[in-house]
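Okay, so here's the structure we're looking at.
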Amino acid sequence: MNYNNTNIANTKVVLEIKDLHKSFGDKHVLNGFNMLLHQGENLVIMGKSGSGKSVMIKCLVGLMEADSGTISVMQNDITKLNQEALDILRADIGFLFQGSALYDSMTVRENLEFPLRRHIKKFNKTVDTEKLVIEALENVGLVSAINLMPDELSGGMKRRVALARTLILQPKIILYDEPTSGLDPITAKEIIILMQEVQKKYNTSSLIITHDVDCARVISDRMILLIDGIDYAVGTFKELSTSQDPKVKAFFKQ
Ligand SMILES: Nc1ncnc2c1ncn2[C@@H]1O[C@H](COP(=O)(O)OP(=O)(O)OP(=O)(O)O)[C@@H](O)[C@H]1O
Ligand SMILES: [Mg+2]
C-alpha cells in the first residue's frame, strides 16, 4: 500500500480485511478486497453504485457471511470468535446506517437509550443514562430536541441524532454508510464538521463510504476505490484525484 502520511502508517491497525470474496450465484461482487484502517484514521471508500461497498460493510459487521477471506477487528479474527466475544467487540464498533434509521415511535431520548440497554454489559450497572444521553446530544448540538419525535426533526437533525446514538456507546471505530447523502450542501458540510470534531475529541477511527467527492476531499486521510471487486486504487485524495488511470479518472470527473 501507498502511504504519504508516515504517521498513519506507523500507528496501530484497528481493522483489517484480507482477500475478501463474496458472490451471489455467479455474480462475483468482491474478488479479493483488502483494507487496513489505522488508529485515528479517516479512511474513505468510494465505488460506483452496485460495486459492493455495502456488501463489504455488512460482512464487516456480521450481517452477511463472506465466502472467503479474513476480517480482523483490533487484531481478533472475527470468524474465530464465539458469540460473547463477538458482542463485546461489536460494542466498540459504531455503525451509522444510510438514512439514519431512527425508531419512529420513540422520542430522541428513547432512541439514544435503546443501544445503551442493548450493550449494558459494556458499562457498569451504576451507569447514569441521563448523563450519557445529554452528553451525546451536546456533542451534536441537539440537547433541545431531547423530547421530540423523529418526524418532528429535519433531515440534518435526524442525521445528528443518529450520530449521537452511535456515539453514546463510545465506539473506538465508526463506520459511516453515506453520511451526507440526501442532505443539502450546507447541512452536508455541518455533518462533515461534526464527524471531524468527534474524531478529534475521541480519537476514533472511521471508515466512511461516500459518493460525495467534497466529503472525501475534506475528511479523508486515505482513500480506497473499490472497482471490479478489489481495492483497485489506494492513496490520498490528491494522489487519486490526479491519477492518470482511466478507471480512477472517471470517478473524479462526475
Ligand atoms: N442479499 C443479496 N442477494 C443478492 N445480491 C445482492 C445482495 N446484496 C447485494 N447484492 C448485489 O451485490 C452488488 C453490490 O451491492 P451493494 O449494495 O454492496 O452495492 P453498493 O456499492 O453499496 O451500491 P450503492 O452505492 O448503490 O449503495 C449488487 O449487484 C447487488 O445487487
Ligand atoms: Mg450501498
Task: Listing of strands (runs of 3 or more DSSP E) fully contained in segment 141-254 that carry 1 or more residues being of a type in the set (Phe, Trp, Tyr) and over 21 Å from Val108 (Cβ atoms) - done: 230-235
Open item on the list: Where the second residue is in a loop (DSSP other than H, G, I, E, B) and within 16 Å of ligand 1 (Cβ to nearest atom) and the first is under 18 Å from Asn203 (Cβ atoms) and lies in segment 77-98, which pairs have Cβ atoms under 8 Å and are six or more apart or on separate chains?
Closed with: Leu96/Pro179
- [ ] Mind listing just one residue for me: the one in segment 65-97 that is at pLDDT below 90 and part of a loop (DSSP other than H, G, I, E, B) and, of those, nearest to ligand 1 (Cβ to nearest atom)?
- [x] Phe97
Task: Positions within segment 185-228 being among the hydroxyl-bearing types (Ser, Thr, Tyr) and closer than 16 Å to Leu163 by Cβ, in sequence order - done: Thr187, Tyr202, Thr204, Ser205, Ser206, Thr210
TODO: Would you mention how many residues in segment 61-76 are free of Cβ contacts under 8 Å to residues at least 24 places away in the same chain and within 16 Å of ligand 2 (Cβ to nearest atom)?
DONE: 1
Task: Options Lys53, Lys58: the member that is within 16 Å of ligand 2 (Cβ to nearest atom), without any contact (Cβ under 8 Å) to a residue 24 or more places away in the chain and surrounded by 14 or more Cβ atoms within 10 Å (Cβ to Cβ) - done: Lys58
Open item on the list: Tell me yes or no: at least one residue of segment 118-127 is under 20 Å from Lys201 (Cβ atoms) and of a type outside the set (A, V, I, L, M).
Closed with: yes
Open item on the list: Is it the case, given these coordinates, that Val44 is buried (at least 21 other Cβ atoms within 10 Å of the Cβ), within 15 Å of ligand 1 (Cβ to nearest atom) and either farther than 20 Å from Tyr232 by Cβ or at pLDDT 95 or above (or both)?
Closed with: yes
Open item on the list: Tell me the residue from Val29, Val108 that is crowded, with 17+ Cβ neighbours inside 10 Å and over 30 Å from Phe252 (Cβ atoms), please.
Closed with: Val108
Open item on the list: Just to be sure I understand the filter: pairs with C-beta atoms under 7 Å, separated by 6 or more residues or on different chains, first member in segment 197-218 and over 10 Å from Asn42 (Cβ atoms) and without any contact (Cβ under 8 Å) to a residue 40 or more places away in the chain, second member away from ligand 1 (no atom under 14 Å from the Cβ) and in a helix (DSSP H, G or I). Which pairs pass?
Closed with: Asp212/Ala188; Arg217/Phe237
TODO: Could you run through segment 169-188 and say how many residues are over 15 Å from the mean Cα position of the chain (by Cα) and either within 16 Å of Leu102 (Cβ to Cβ) or surrounded by 23 or more Cβ atoms within 10 Å (Cβ to Cβ) (or both)?
DONE: 2
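The values are calculated or read from the model by the stated rules, or taken from the named source; none is laboratory data. Keep in mind that this is a model prediction, so the values were computed, not measured. FYI the Cβ positions are ideal-geometry reconstructions off the backbone, even for glycines, and counts take in every protein chain you see.
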